[in-house]
1. Output the Kirkwood hydrodynamic radius of segment 248-318, Cα pairs only, in Å rounded to one decimal.
2. Pull out the extension gain between N217 and S303, defined as 0.36 nm times the separation in residues minus the alpha carbon to alpha carbon distance; nm, one decimal.
3. What's the percent breakdown of Cα-Cα distances in segment 172-338 across 5 Å bins, shortest bin first?
4. Tell me what the chain gives for mean residue ellipticity at 222 nm when only DSSP H runs of n ≥ 4 count, each as -39,500 (n - 2.57), the sum divided by the residue total, rounded to 500 deg cm²/dmol.
5. Give or take rounding to whole Å, what are the principal axis extents of the alpha carbon atoms in the chain, in descending order?
6. Mind pulling the per residue volume of the convex hull built on the Cα atoms of segment 1-59? Å³ is fine.
7. Modelling each spin label as a point 7 Å along the Cα-to-Cβ direction, I'd like the F323/L233 distance in nm, to one decimal.
8. So what's the angle, to the nearest 10 degrees on a 0 to 90 scale, between helix 307-319 and the longest Cα principal axis of the chain?
Amino acid sequence: MKVLLLVKRFGYGGAENHVSELANALADAGHSVWLISSPGLQQYRLHSGIRHITTDFSDWKIIFQLIRIIRLIRSEHIEVIHAHQRFPIFIGTLASMWTKIPVVATVHGSAFTDLRSELVRRNLSRVIAIRESCLSCMQNIVKPPEKIILIPNGVKLPTTCVDRFVDPQGFSLYYISRMDRHHIGLLKFFLTEVWPQVMDKYPRSQFHIVGEGSCLNALIDFLKMKCNHKKILASVYFEGYAVDVGEHYLDADLVMGVGRVAIESLVYGVPLLSVKHNHLGSVVTRDNLKRIQFSNFVDLNGSAPNREHFMGILEDFLAHRSFYENEAKSLQQLLSKEYNLDVIAKRIVEVYREVI
């Protein structure tokens, strides 16, 4: 099958990581894959057989980019378009209407944003939702609702999973994300309000920040200006962009995050604290899994982060490490089946076959 993937950004992020790994899985399964995106570090993760074309997706250049995509579809006899993020979904729909081939869209963020155009909603062949919480919203705006299918983002399963050494005086906490304004705002709060208290009680603790983005340098400057205690500065590690994020999960005692990072950490058997800039949730266990999983691991019952609540959660985790380690191992076995990238890729290929 000949597949054209469209995504706007191609740095670190949930949609971007999903697209690069889906492209690799499709190519490994014998499909011919073309991928159009902006330049980004994800391009270095692509397997050699994938035809990667870089472009600066822009509303101002839409005519030229549309012509380029149509020419590619016709010259290479593309059979299906799979678009991610608002602008690629829009331009992919236009190309689909012109070339008469089907277009599938995956909504990673807000359905109201990615599917804002009535023309898009009317002409999409199929819409993939990655979490249950957005299904009702999508069913209200996508007609007929039978176009919608729930397929979560898949992840590569680890080849090894090591038992972590439990240090009673410290632990390794990881935050892995795209460095945009929301993530930076949460990190600024955590590093100034919460982390100094953690270091006072658990002096051998380490906080690792993995990812890249336009706001990363501003966070580093902020930390140098606000945290003048050498011990605090020495305990924070900026790891930058990671081609293989899995290497970091092997060193983590606890990961903070939602979405794809949450799935990856649990599949690696690492305890996860569900936290977003506006929702501080719980450490994921078998008891609360379904509730938190419903919204792609955002705990909708959680309130905005505050220092006392944050410290209470971390102290509870450190006081009951064995319990949370065992819960994480149980969740690893459960979720490895549900989020296996190879299985997810096969489900997406079945969607392609249906629309073709």
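Please treat every number below as a calculation from the coordinates, not as lab data. Values in this document were obtained by computation on a predicted structure and should not be read as measured data. Here the Cβ positions follow ideal geometry from the backbone for every residue, glycine too, while neighbour counts run over all protein chains shown.
1. Hydrodynamic radius (Kirkwood, Cα only) of segment 248-318 equals 12.0 Å.
2. That works out to 28.1 nm of additional length.
3. Histogramming segment 172-338 at 5 Å steps yields 1, 9, 19, 23, 23, 16, 7, 2, 0, 0 percent.
4. Mean residue ellipticity, 222 nm, calculated: -13000 deg cm²/dmol.
5. 63, 41, 39
6. Roughly 70 Å³ of hull volume per residue.
7. Taking the simple label geometry, F323 and L233 are separated by 3.9 nm.
8. Rounded to the nearest ten degrees, it is 80.
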